[in-house]
């Protein structure tokens, strides 16, 4: 499994809800996406972090270059320029271990 951590800073008073909706709507079946989390830092609500997990890095890179997804994300990408201060930072991660609480 492979993951990517994306960190961004929201502009003052910006709401990312519509952008998140557009990104979800652009998802293609069989893309390799396993989980996607959009999170807000409790100490700094303008700092947002997305953790996206994939079956493999290869699947993630194929998804990145999927023309169907690229076309559908055009609106979300233009919206990002208004929502965020500066470019996002990306950290590529190899997932070494994963588990969930079996008692929950």
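The values are calculated or read from the model by the stated rules, or taken from the named source; none is laboratory data. Since the structure is predicted, the reported quantities are computational estimates derived from the model, not experimental observations. So basically every Cβ, Gly included, is an ideal-geometry build from the backbone, and we count neighbours across all protein chains shown.
Structure notes:
- Pair list, Cβ < 8 Å and 6+ apart or interchain, from region 70-99 residues that are touching a residue at least 12 places away in the same chain (Cβ under 8 Å) and at positive phi to residues that are in a helix (DSSP H, G or I) and surrounded by 14 or more Cβ atoms within 10 Å (Cβ to Cβ): none
- Among the numbered conditions (1) free of Cβ contacts under 8 Å to residues at least 24 places away in the same chain; (2) assigned to a loop (DSSP other than H, G, I, E, B), the only one that residue 28 does not meet is (1).
- Count of residues meeting criterion [within 22 Å of residue 10 (Cβ to Cβ) and in a strand (DSSP E or B)] in region 36-58: 11
- Of the criteria (1) modelled with pLDDT of 90 or more; (2) not in a loop (DSSP other than H, G, I, E, B), which one residue 23 fails: (1)
- Residue match in region 59-71 (condition: assigned to a strand (DSSP E or B) and either within 13 Å of the chain's Cα centre (by Cα) or surrounded by 11 or more Cβ atoms within 10 Å (Cβ to Cβ) (or both)): no
- Failed condition for residue 52, given (1) touching a residue at least 60 places away in the same chain (Cβ under 8 Å); (2) surrounded by 15 or more Cβ atoms within 10 Å (Cβ to Cβ); (3) in contact with a strand residue (DSSP E or B) (Cβ under 9 Å, 6 or more places away or on another chain): (1)
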